[in-house]
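Below is one structure, written out as structure tokens, with a few remarks after it.
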Amino acid sequence: MHKPLLAAEVSEPGPQPGLGGPVIGIIGSGDFSRSLAARLVASGFRVAVGSRAPGRVSRAAFPAGAELCSQGEAAQRADRLLFVAVYPEHYHSLLGLSQQLQGKVLVDVSNASSLSRQEQSNAERLAQLFPQSSVVKGFNVLSAWALQAGACDGNRQVPICSDEADSKVAVLQLARRLGFSPVDVGGLCAARGVEEAPLVLFPSWGRPILLTFLLFLFFYGYNFLRHILLPFLDQGENNFYQLPLVTVNDTLPAVALVTLALVYLPGLVAAVFQLARGTKYKRFPGWLDGWLCSRKQLGLLSFLCAGLHAVYSMCLTLRSAAGYTLLNTAYHQVKAGVENSWVEQLVWRSDLYLSCGILGLGILALLAVTSLPSVGNALNWREFTFVQSGLGYAALTLSIMHTLFFGWDFAFFPSAYRYYLPPVYLLALILPCTVLVGRVFLALPCLMFRLAKIRRGWECTRHRPPNHLEPEATGDV
Amino acid sequence: MHKPLLAAEVSEPGPQPGLGGPVIGIIGSGDFSRSLAARLVASGFRVAVGSRAPGRVSRAAFPAGAELCSQGEAAQRADRLLFVAVYPEHYHSLLGLSQQLQGKVLVDVSNASSLSRQEQSNAERLAQLFPQSSVVKGFNVLSAWALQAGACDGNRQVPICSDEADSKVAVLQLARRLGFSPVDVGGLCAARGVEEAPLVLFPSWGRPILLTFLLFLFFYGYNFLRHILLPFLDQGENNFYQLPLVTVNDTLPAVALVTLALVYLPGLVAAVFQLARGTKYKRFPGWLDGWLCSRKQLGLLSFLCAGLHAVYSMCLTLRSAAGYTLLNTAYHQVKAGVENSWVEQLVWRSDLYLSCGILGLGILALLAVTSLPSVGNALNWREFTFVQSGLGYAALTLSIMHTLFFGWDFAFFPSAYRYYLPPVYLLALILPCTVLVGRVFLALPCLMFRLAKIRRGWECTRHRPPNHLEPEATGDV
Amino acid sequence: MHKPLLAAEVSEPGPQPGLGGPVIGIIGSGDFSRSLAARLVASGFRVAVGSRAPGRVSRAAFPAGAELCSQGEAAQRADRLLFVAVYPEHYHSLLGLSQQLQGKVLVDVSNASSLSRQEQSNAERLAQLFPQSSVVKGFNVLSAWALQAGACDGNRQVPICSDEADSKVAVLQLARRLGFSPVDVGGLCAARGVEEAPLVLFPSWGRPILLTFLLFLFFYGYNFLRHILLPFLDQGENNFYQLPLVTVNDTLPAVALVTLALVYLPGLVAAVFQLARGTKYKRFPGWLDGWLCSRKQLGLLSFLCAGLHAVYSMCLTLRSAAGYTLLNTAYHQVKAGVENSWVEQLVWRSDLYLSCGILGLGILALLAVTSLPSVGNALNWREFTFVQSGLGYAALTLSIMHTLFFGWDFAFFPSAYRYYLPPVYLLALILPCTVLVGRVFLALPCLMFRLAKIRRGWECTRHRPPNHLEPEATGDV
């Protein structure tokens, strides 16, 4: 269907659509209240909207099924569930209703006004104000817009939490009835997180992006210094025209390579930790946990840089500069009477590094595709490992070869160390090569088997009371 | 699993698989009936297939669990649900069964034969024929093929509608049991839409594609006139070889740029409407609503054109023409004895417009990725806004810069106006620049704050009875 | 939410979170047991973990909610469900508990140790050992890791099977409670498949990849022979520098073209089968079924090759070789005093084949996008057909034109048959052209209508008892 606006997945023989349905109360007649009422009516509920001054609210804004009444009436009419669509700073104004709200389930739909985990959550404040009602946090991640145009994100997750189990279940069911997929995130203590959910901006991406950006700055600066500034100060060479494109294109591959290495480094570190501790049941230090969790982001950023590098490179021959250079070379070749300027070795070199680069990028693209939720979820454990680890290391190896073929033997000529600065690609290779060597090292039988055993649950005895029975001994999975 | 062909998500303690299951009736022994029976049996139901002439139907085509009988028997055996797998034009032939069908739930699985919203829906006709049975519309979007190979699209949505709530719930549950995700789309009045759902072909794409195509025709024609036809008529220049590639590549960026501008224009128009009306609760005119809803499609089409433009451009140097031009230029440079044909300014120009173009395309690619359902649904409201609006305007700005750097100062030379026709890129820039200026204008504090207030629900009083209480005053969300 | 680690979709008024929840038993205190316990407690269940030697297990590894006890106690405490988290080879060690396990539901979470469909499944062995308990197979596809970090793949499917319906339903509900989407795959006979599910590696990809790889080997070898080896042996030409890039880039398009043809060939074969048999209710031979099922994979592989070919081609001008060739040509042009080396015909040729190639690739890209689960599921039947068949054939036609324009009239010069070997592109064209011709042939009215009738369920009488009533006659869908 193209507009399941009235989408309501009735998954249990609970309240039925139609006039016989239960009455859901909404306190507050604002924007959210209007959209919510529309959605509830569409899903076959009766709705009682309680406004401070019902007479004064423009009736038209509410659907036919909804009835406008005073807040008190709404509280009374509601069979069990009541949405509190009032700004948190006005909660106290509802204290007068505590009688009618007694024993009812209050759904707090408010968002946090700022990101400051210290503060108490609105839901908890509401719960304190109305000790005799049970408070459930939820629906706040849905904008009024999302409530109306449910089609566009019908399967958006709606985190819901509460300390009262039954009330929570009721709200979870309601959420599903309205076409959303509720997620139980535990007790009311989680409410603050839920309230701040709509405010956070790509929380898991912040650090990886910052890291990549810093890497970019470093390598760009290094290139600028080495190829543009120093030659200019030294011999007055004017290479500034390289700034917008050439230098960027020299920088991107370095960033991509280092970032890709950073994707696989934490895995090695973790392995070392487990080997050293002889168990996998000790938690990793926080920084390692965080690093392990941001591997996907780092990988995608690496792919982004690699992709841009590819496009930039393929545009190199489009540049006027390329044309001029070629023409001038042709001119000199003719003048010098060189009939054939072919250099077999350089031909091999360029073809080899192009091939490696293209294949490496292709594999990275496959990895990127499998990181799409809908694709990744279709993989089983072994497939996931094969793609992420197997293909990943293949891509890393190919990228390193790409760089090595590009650098060729230049690293061994002093001329490559202009102003005593090593070429960028050498710097960029350090970390990736370390990772690769480390990986090979961990593949040594002795280490590999021990690691496999540890990962299977085995624990090195000296780390535990000697009389400990090993899981494997009892055959526990 | 790789073939959850028998997938049946038992989500409620309803009928259990196995012999003890309830009997589902199917009237009609055609193709759909066979597949449906197979699926039902696989999910643990007993099935009674009613054929006009059971003896004559090839038993083999039906699964073991299903029993073939007369239509009357099938109607009787069925505990509650009966699928009517008969062509609508034969519904009247079932009138004889009205006794046995009394109080049963008839599921109408027929599709519309043509797209003509005027007509009455088959389901409604069925309901009229059998007033004592309750009719539910559904399952028609599933082809016989989809019913059998459920694996491939197990989570396809199945719109279901009916006027009887309980019957609808029963069918919704059954649909889930069979591994589909049912969607309640309301009363039987929605049946016509459901019946036509399988017939429509990308309804939301028609207009955007048409628009883009017309834009393409216009710019292609303009380029043809300006670079090929007129020069040919005028000086007999033969540029016809440009038709297949060069002209297309001159046209695509213009189309992409204008289309991208059309993505952000409606947002500005909507803002102006809201500012002028001083409220957001008045509906937008239909054309604006439609426009707002097709922004995603326009954006993707713009990305498609931009992407093609990029590929075309990167292939430019592969063309024989490019080679010949370069060779001839080399020849003349040598003849003219020009040792260095380097033009610093043109070098900068080409590098700058290439960079802007590449970055703009990169951002558009990110936008395209977030428009994938599985990705977009993972974004919260703020992230969605940031990507669509923030990144979107960044892409627009970069594209405009790309075009400006490309055009450089040529616009100021009369020579650029061959035959008094301005260069294409000038035409293409008009709309995008307008949008950008408009956006900047709306960012003026006075307007911005007023707009924010309006979008928060505030309404300019002069548009409402003066005694109206403002939502914010009552603190309603 | 960003970490619905405690995700538990309570979709039925079953056991509620909190202390009042039912007790789930787990036999075995290994790794899986620890993660499972954590997840269960998080979803509000009480857990009794039965270890052979509870005193000796490190308590810390288990969540607060879980109680450690002897296996016997765990069996007793468990209200109904008991997870058997013990290696299959130790099942017999539990025989002592058969009393306490009587009437309980045992969930077998073990994986197969190897891929050998012959063997009896662990679950079936467990069922034999404990005839008085009912055994359900499930949860084995979830690694301990997946159980803990539910966030990452919260909606992973969990296949579950059992011979006892009610027990299965209970486990299905539990799985949903824990935030997974269970899939009922039938009786315990399916257990073996479920146990091997985590071991298989892209089962549906094996053959298509092998086929594509063999095609690549063949064409690569052919190119090597024709362009490198024979010229070397014959005239000592040294073209070995072409191996890494040029030859690969000559091979990829041929592979892509043939693979794409293999996507559409089975459809034609199937149509011929149906026409010949006059019915669609006879099963196709196995090889054809398998072929039809791997069309998607073949299509994606074809797209991969085509994409690589595009990138390789766009890198051609980046190669040193390209530069040298151009310079040398320039040199000779100057020496020869040829002012203009322009060849109109070759210009047209290159522009035409580039255009066709780019457009063909663009369409293939669209096809690839629609093959993403989240996108494909949003298409209705007609849209799916339009994209896969309509656009698919358009892509095939464009690719063929791309090749024809590339080959131009060279095929008619004897010089094209060096060493009596036809050029690769001729070989690559055979199959695609056959498919295209076959498609056109099937579009002949007489065949088309008959096929349409057959696909609508009509059967040619001579294949059935003459007195058979045709579905259409009874108007059955």
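The values are calculated or read from the model by the stated rules, or taken from the named source; none is laboratory data. Note that the structure is a prediction, hence the values are computed from the model and not measured. With ideal geometry, Cβ positions are generated from the backbone for all residues, glycine too; neighbour counts draw on all protein chains shown. The area values use the complete protein model at the heavy-atom level, side chains included, leaving out ligands, DNA and RNA. Shrake-Rupley method; radii C 1.70, N 1.55, O 1.52, S 1.80 Å.
Shortest first, B:LYS453 label-point distances to identical copies amount to 7.4, 7.4 nm, with the label point at 7 Å from Cα along Cα→Cβ. Rounded to whole Å, the principal axis extents of the Cα atoms in chain B read 99, 70, 43, largest first. So which lysines can C:LYS335 reach, going by Cα to Cα under 30 Å and dropping same-chain residues fewer than 8 places off? Straight-distance partners of C:LYS335: A:LYS335, B:LYS335. Cross-linked pairs B:LYS137/C:LYS137; B:LYS168/C:LYS296; A:LYS137/A:LYS280; B:LYS137/C:LYS280; B:LYS168/C:LYS168: Cα-Cα separations exceed 32 Å for B:LYS137/C:LYS137; B:LYS168/C:LYS296; A:LYS137/A:LYS280.
Ranking C:VAL255, C:PRO244, C:ALA270 by how far each Cα lies toward the positive end of the dipole of the range C:166-272 (charges on Cβ) leaves C:ALA270 at the top. The Kirkwood radius of the range B:166-258, taken over pairs of alpha-carbon atoms, gives through the Stokes-Einstein law at 37 °C and 0.692 mPa s a diffusion coefficient of 183 µm² s⁻¹.
For the range A:261-382, the spread of Cα coordinates along the three principal axes comes to 74, 35, 25 Å, biggest extent given first. Solvent-accessible area of A:GLU164, all protein chains in place: 80 Å² (probe radius 1.4 Å, heavy atoms, ligands and nucleic acids excluded).
Sort B:328-338, C:185-195, A:343-353 for me by packing, meaning the mean count of neighbouring Cβ atoms within 10 Å per residue, highest on top.
By packing density, highest mean first, the sequence is C:185-195, A:343-353, B:328-338.
Helical runs assigned H by DSSP (4 residues or longer) give chain B a calculated mean residue ellipticity at 222 nm of -15500 deg cm²/dmol, each run adding -39500 (n - 2.57) before division by the residue total.
Selection among C:TYR91, C:GLY103, C:ALA53 by position relative to the dipole of the range C:35-108 gives C:ALA53 as farthest towards the positive end (Cβ unit charges, Cα centre). A Cβ-based charge dipole, computed about the Cα centre of the protein assembly as shown with Lys and Arg at +1 and Asp and Glu at -1, lands at about 1300 debye.
Ranked from shortest, the separations from the 7 Å Cα-to-Cβ label point of A:VAL437 to its equivalents in the other copies are 6.2, 6.2 nm.
Counting every alpha-carbon pair across the range A:334-446, the share separated by more than 16 Å comes to 71%.
Among C:ASP163, C:ASP409, the sequence by solvent-accessible area, most first, with a 1.4 Å probe is C:ASP163, C:ASP409.
Throw me the Rg/Rh for the range C:31-89, computed over C-alpha atoms with Kirkwood Rh, two decimals. The Rg/Rh ratio comes out at 0.92. Exposure check, 1.4 Å probe, all protein chains in place: A:SER113 carries approximately 110 Å² of accessible surface. Semi-axes of the equivalent ellipsoid of the protein assembly as shown are 55, 39, 39 Å, computed as sqrt(5λ) over the eigenvalues of the C-alpha gyration tensor in descending order. Considering only the label points, 7 Å along Cα→Cβ from Cα, what distances in nm to one decimal separate B:ALA276 from the same position in each other copy, shortest first? For B:ALA276, the other copies' label points sit at 6.9, 6.9 nm, shortest first.
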